[in-house]
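For reference, the structure discussed in these notes is given below.
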Amino acid sequence: MRIITGSARGIRLETLEGDKTRPTAERVKEAIFSMIQFDLTDAFVLDLFAGSGQMGLEALSRGAEKAHLVDNSAKAVEIIKKNAQKTHLFERCRVVTGDFADFLRSANGKYKYDFVFLDPPYGSGMLKASLERIAEYDILSDGAWIICEDETDDVFCGNAALADKYNIEKQNRYGRVYITVLSRKD
């Protein structure tokens, strides 16, 4: 796994051993960044289930101004910090060890993100739960995009009330992975 392009192009990233984290495949990451590449300059990014930090670090490498990288695993956070230092992007990061729900609550009214990357463990219910909280809290800038990675095309898990709070901007399938790009309805 590596940074694809930008200031840290080609730098290999570390990841946790074992199956605790599931890094985004390189072709999926490339597809995501092809969608948003022209909107990244000076953006503020949240990588909520950061794992190795690759999505947030890729965004920074491509011109995002700053990023918050959050993971509940202390071991993952150690890896994220190493990767941020290795890519020389550490100064533009805030790396947080903590639960996604607690972080979103604490960010409410304090931060406005332009892009939010959501890639929690598949089948955990955390994708739907994070979308519920994002809809509840004031953390998105005008025109912000939420980029969800999941093994199903229904990021709302059949919850029509939650689906009514978002616009589906794009959705594509890459093998067994679906990328769904959302914006919040006003």
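The figures follow:
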| read-out | value |
| --- | --- |
| Average accessible surface area per residue within the chain, 1.4 Å rolling probe, Å² | 48 |
| Highest-MSF residue in the chain out of Met35, Met126, Met55 [GNM, Cα springs under 10 Å] | Met35 |
| Debye log10 I(q)/I(0) for the chain, one point scatterer per Cα, at q = 0.10, 0.17, 0.18 Å⁻¹ | -0.34, -1.08, -1.24 |
| Percent carbon-and-sulfur accessible area, the chain, ignoring ligands, DNA and RNA, probe 1.4 Å | 44 |
| Net charge of neighbours whose Cβ lies under 10 Å from the Cβ of Phe115, counting Lys and Arg as +1 and Asp and Glu as -1 | -3 |
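The values are calculated or read from the model by the stated rules, or taken from the named source; none is laboratory data. Just so it is clear, the model here is predicted, and its values are computed rather than measured. We place every Cβ from the backbone using ideal geometry, glycine too, and count neighbours over all the protein chains shown. Side chains included, ligands, DNA and RNA excluded: accessible areas come from the protein's heavy atoms. Shrake-Rupley method; radii C 1.70, N 1.55, O 1.52, S 1.80 Å.
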